[in-house]
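Take a look at the structure set out below.
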Amino acid sequence: MFVTKSFKAAAAALMITATAAPALAGHNRIWVEQYGWNNQIGGGQTGSGQRLTVIQDGVSNISINTQDGARNEAAVGQVGFNNGADTNQVGARNSVGIAQIGARNNAAVGQYGWNNATAIVQNGTGASASVMQSGSNNSVAIVQD
C-alpha cells in the first residue's frame, strides 16, 4: 500500500514538474496538492513572477486559474466535495485567496489592473461568491458561513 502511494506520488510529482518546467522560465511558480479523488486543476501563466498554490483534499473539486502580467498571486484551498474556484488575473501584483471548506461552494474572481486584493472564505454548503475588480488598489473580503 505504502509503495503504491509512494509510486503514485512520485509519478504525479514528475508529471507536475515536467509540465511546470516552461512556466519556470519566467520565474512563475505553481504548487498543486490534490489528495482525495477526481479533483481537477487547469489554467495557465504568462508574464513573470506569478505565484499559484492549489490544495484540494476532497472529491470532485475543480480549480481553474489564469495569470497574465507580473507578480500576481492566487491560493485556493477547497476541502469537501464539488467545490469550484475560478481565478483570472491580468495586470500586476494582484492577490486572490479563496478557502471553501464544505460542499458545492463556488467562487469566481477576476482582477484586472494593479494591487487588487480579494479574500473569500465559504464554510458550509452551497455558497456562491463572484468578484470582479478593475483598476488599482481595490480590496474585497467575503466570508459566508
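Data overview
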{"read-out": "Residues (farther than 18 Å from Val131 by Cβ and of a type outside the set (Lys, Arg)) located in the range 63-77", "value": "Ala70"}
{"read-out": "Count - residues of the range 120-139 that are surrounded by 17 or more Cβ atoms within 10 Å (Cβ to Cβ) and either closer than 12 Å to Asn83 by Cβ or of a type outside the set (S, T, N, Q) (or both)", "value": "6"}
{"read-out": "Checking Gly58 against (1) of a type outside the set (Lys, Arg); (2) buried (at least 21 other Cβ atoms within 10 Å of the Cβ); (3) under 20 Å from Val143 (Cα atoms), the condition it does not meet", "value": "(3)"}
{"read-out": "Residue tally, condition more than 10 Å from Arg29 (Cα to Cα) and charged (D, E, K, R), over the range 48-62", "value": "1"}
{"read-out": "Index of the failed condition, Gly91 passing every other in (1) within 14 Å of the chain's Cα centre (by Cα); (2) more than 20 Å from Tyr35 (Cα to Cα); (3) crowded, with 19+ Cβ neighbours inside 10 Å", "value": "(1)"}
{"read-out": "Count - residues of the range 41-60 that are of a type in the set (S, T, N, Q), within 16 Å of Gly84 (Cβ to Cβ) and more than 11 Å from the chain's Cα centre (by Cα)", "value": "1"}
{"read-out": "Some residue of the range 13-34 being surrounded by 16 or more Cβ atoms within 10 Å (Cβ to Cβ), at pLDDT 95 or above, over 15 Å from the mean Cα position of the chain (by Cα) and not charged (D, E, K, R)", "value": "no"}
{"read-out": "One residue from Asn94, Asn65, Asn72 being at pLDDT 95 or above and farther than 16 Å from Trp31 by Cα", "value": "Asn94"}
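The values are calculated or read from the model by the stated rules, or taken from the named source; none is laboratory data. These numbers come from a predicted model, not from an experiment. A quick note on method: Cβ atoms are made from the backbone with ideal geometry, for glycine too, and the neighbour counts reach across all protein chains shown.
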